[in-house]
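A quick write-up on the structure given underneath.
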Amino acid sequence: MKRAEPDPRLAVSLVFSTYESPAWLEKTLWGLIEQTHEPFEIIVADDGSTASTRAVIDAYRGEFEARGVPLRHEWQPDEGFRKCRILNRAILAATHDYVVFTDGDCILRADFLAVHAARAERGRWLSGSYYKLPMSTSRAISRDDVIDQRCFDRSWLCEHGLPARANRLKLTRDARLARALNRLTPTACNLKGANASAWRDDLLRVGGFDERMQWGGLDRELGVRLGNAGVSPRHVRYDAVCLHLDHARGYKDPRRVAENKRLRLAVARDGTTRTEHGIAAPPLS
C-alpha cells in the first residue's frame, strides 16, 4: 500500500518553556510571528516567571491574534525547577493533534513549523538540533534581522561575533541537501526539547515528561519511552533551523544530571513505555 503523504497544512500546537528571560522570550516571539505555516497556536509554558514575562506576552498577543494565531500563557508558581510539570500542563492545554517543542531562548527560521508539519507521520517523532550562538551574537539580533531572516545567514552571524570555524551545514537553505544530511548524519536521533515534535496522543500515551526530572536529559528520556512504545525517531537536524541564544545555566546540577541519566538508562533497559510521574492516564471507560 502506498504511504499517505504528510499534510503540509497540519494544525500545530507550538509549545515552549520560559523562566525569567523576557528579552530572549521577545526574540523567540519575533521568530514565531514570521512562521510561514498555518494554522498553529502558541502555548508558553512558564515555570514561575514574574510579571515582566507576562508583560511581554501581553504586548504581542494582539499581533498574533490579528494573524489568527492564539498566544496562550500557562503559568505555575516558582517552586524550583519544575519544567517538566509546566510542559505537561501545556501538552494538556494543546488543542491540536500535533505538538512542536522549542525553548524560550531560541529563534526559529520562518520555515521551522512548515518543516515539522510536512515531515509529520504517524508512528514517528521528529528531532532537530540548534545553532548555538555566543552572547555577543545573541544580543546583536534585532527584530528587523528576524523579519528579513538575515540572522540565519552564516556570513551575517560571523560579522556579528560568530566564530568563523562554526559549522555552516545547520544553516543550509538547500532542502535536498538538508534531507541528504539528515539521512547521512551519524548523530544519534535523541529527542531535544528545543527542536522536536510528536503526535499529542503519543505524548499522552507515554505520560508526557517525567516530573521527577530536573535539568539534564529530561527530553531525551521522553524520547526513549516513545521509542519503547513503538514510535520511531526521525531527524530534521538540517532542515528545521533553530538559533539558540546564549545564557547562563545556574540551575545546572551535576548530581541531578547523573540521576537523570541513571533513570533514563533504566527506562531503556526495562522497556518502560509510560511514566507514573507525568500526565495521568485517562480513566478506563
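Taken together, the values in this text are just the output of simple stated rules run on the coordinates, not laboratory data. All values derive from a computational prediction rather than experimental measurement. Cβ coordinates were reconstructed from backbone atoms using ideal geometry, including for glycine residues, and neighbour counts include every protein chain displayed.
Using helices alone, what [θ] at 222 nm do you get for the chain, with -39,500 (n - 2.57) per DSSP H run of 4 or more residues, divided over all residues and rounded to the nearest 500?
Result for the chain, helices only: -11000 deg cm²/dmol.
Would you kindly derive the ³J(HN,Hα) couplings of segment 144-154 from the backbone phi angles with the Karplus curve 6.51 cos²θ - 1.76 cosθ + 1.60 (θ = phi - 60°), listing them in order in whole Hz, with x for Gly and Pro?
With the stated coefficients, segment 144-154 comes to 4, 5, 6, 4, 7, 6, 6, 5, 9, 9, 4 Hz.
Here is the link list: LYS132/LYS170; LYS132/LYS192; LYS192/LYS261; LYS27/LYS192; LYS27/LYS83. Which ones come out longer than 18 Å on Cα distance?
Pairs exceeding the cut-off: LYS27/LYS192; LYS27/LYS83.
What value in Å³ per residue do you get for the convex hull of the alpha-carbon atoms in segment 97-213?
Working: hull volume 16.7 nm³, N = 117.
It is 142 Å³ per residue.
Over its Cα atoms, what ratio of radius of gyration to 2.2 N^0.38 Å does segment 34-145 give? Please report the intermediate quantities before stating the final value.
Details: Rg = 15.1 Å, N = 112, 2.2 N^0.38 = 13.2 Å.
Against the compact-globule rule of thumb, the ratio is 1.14.
Taking the Cα centre of the chain as origin, sum charge times position over the Cβ atoms of Lys and Arg (+1) and Asp and Glu (-1), and report the length of that vector in debye to the nearest 20.
Working: 45 positive and 38 negative charges, 269 e Å.
The dipole magnitude comes to about 1300 debye.
Once you keep just the Cα pairs under 8 angstrom separated by 6 or more residues, what percentage relative contact order results for the chain? Intermediate results must be reported in sequence, preceding the final value.
Values: 551 pairs, mean separation 68.9, N = 285.
Across the chain, relative contact order equals 24 percent.
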